[in-house]
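Chemist: The following block contains the structure, expressed as structure tokens.
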Amino acid sequence: MEPRLLLVAAVLALATALGLLWRARSGRFAAARAGASLSARDLGAPLGAEATFVQLSAEVCASCRSTAVALGALVAERPGLVHVEVDAAERMDLVRRFGVLRTPTVLLLDADGAVRGRLTGGTSRTQALTALAHVAGGR
């Protein structure tokens with residue numbers, strides 16, 4: 001095989017592997033370390049009696065819109081939940097504080113405002129419910 005063809009094949013294989021890894025990590029719940037919290041005052045919105053989804057979004061992010069729709073529908077069905085969408089560009093303090101590297105990043109708070117975990121990348125209803133189960137199981 002010609003060396004250029006091998007190089008193209010290697011680049012395509014690497015790009016495919018990275019794309020699959022990126023997709024597999026999207027929306028996966030990761031538990032947070034103890035200690036971080038946000039208050040209603042920090043967010044400018046009330047916290048949910050059960051949990052609060054704090055979504056850090058960007059204006060040009062397609063996954064942010066689909067995540068907002070999924071979380072909005074879930075919140076509409078469960079009265080103890082709240083969804084707060086925050087423009088990451090306007091809240092760089094939160095971006096830095098929580099090490100946000102991509103949007104959407106959703107912080108999941110318990111009823112007291114303690115950050116219990118995060119979902120990074122596009123998040124589906126199923127993934128949000130799985131994250132809520134972690135919060136409910138930790139009480």
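The values are calculated or read from the model by the stated rules, or taken from the named source; none is laboratory data. Remember, it's a predicted structure, so these values are computed and weren't measured experimentally. Because the Cβ atoms are built from the backbone with ideal geometry, glycine has one as well, and the counts that use them run over all protein chains shown.
Chemist: Condition first: of a type in the set (A, V, I, L, M) and touching a strand residue (DSSP E or B) at 6+ places or on another chain (Cβ under 7 Å). Now tell me which residues in the range 55-74 satisfy that.
Modeler: If the condition is that a residue be of a type in the set (A, V, I, L, M) and touching a strand residue (DSSP E or B) at 6+ places or on another chain (Cβ under 7 Å), then Leu56, Ala68, Leu71, Leu74 are the ones that fit.
Chemist: Of the residues Ser66, Ser57, which single one is over 22 Å from Ser37 (Cβ atoms) and surrounded by 13 or more Cβ atoms within 10 Å (Cβ to Cβ)? Walk me through it before giving the result.
Modeler: Details: Ser57 fails: over 22 Å from Ser37 (Cβ atoms).
Matching residue, one of Ser66, Ser57: Ser66.
Chemist: In the range 44-67, how many residues are part of a helix (DSSP H, G or I) and out of contact with any Ser or Thr (no Cβ under 7 Å at 6 or more places or on another chain)?
Modeler: Counting residues in the range 44-67 that are part of a helix (DSSP H, G or I) and out of contact with any Ser or Thr (no Cβ under 7 Å at 6 or more places or on another chain) gives 4.
Chemist: Give just the number: which of (1) closer than 17 Å to Val135 by Cβ; (2) modelled with pLDDT of 95 or more; (3) under 13 Å from the mean Cα position of the chain (by Cα) does Ala30 not satisfy?
Modeler: Of (1) closer than 17 Å to Val135 by Cβ; (2) modelled with pLDDT of 95 or more; (3) under 13 Å from the mean Cα position of the chain (by Cα), only one is false for Ala30: (2).
Chemist: Hey, another quick one. Those residues that are more than 14 Å from Val54 (Cβ to Cβ) and over 11 Å from the mean Cα position of the chain (by Cα), I need them from the range 113-131; list them, please.
Modeler: To start, the set of residues in the range 113-131 that are more than 14 Å from Val54 (Cβ to Cβ) comprises 121-122, 124-127, 129-130.
Arg125, Thr126, Leu129, Thr130, listed by residue number.
Chemist: Working only within the range 98-139, note down all residues that are free of Cβ contacts under 8 Å to residues at least 24 places away in the same chain and farther than 17 Å from Val75 by Cα.
Modeler: Of everything in the range 98-139, those that are free of Cβ contacts under 8 Å to residues at least 24 places away in the same chain and farther than 17 Å from Val75 by Cα turn out to be Gly99, Leu101, Arg102, Gly137.
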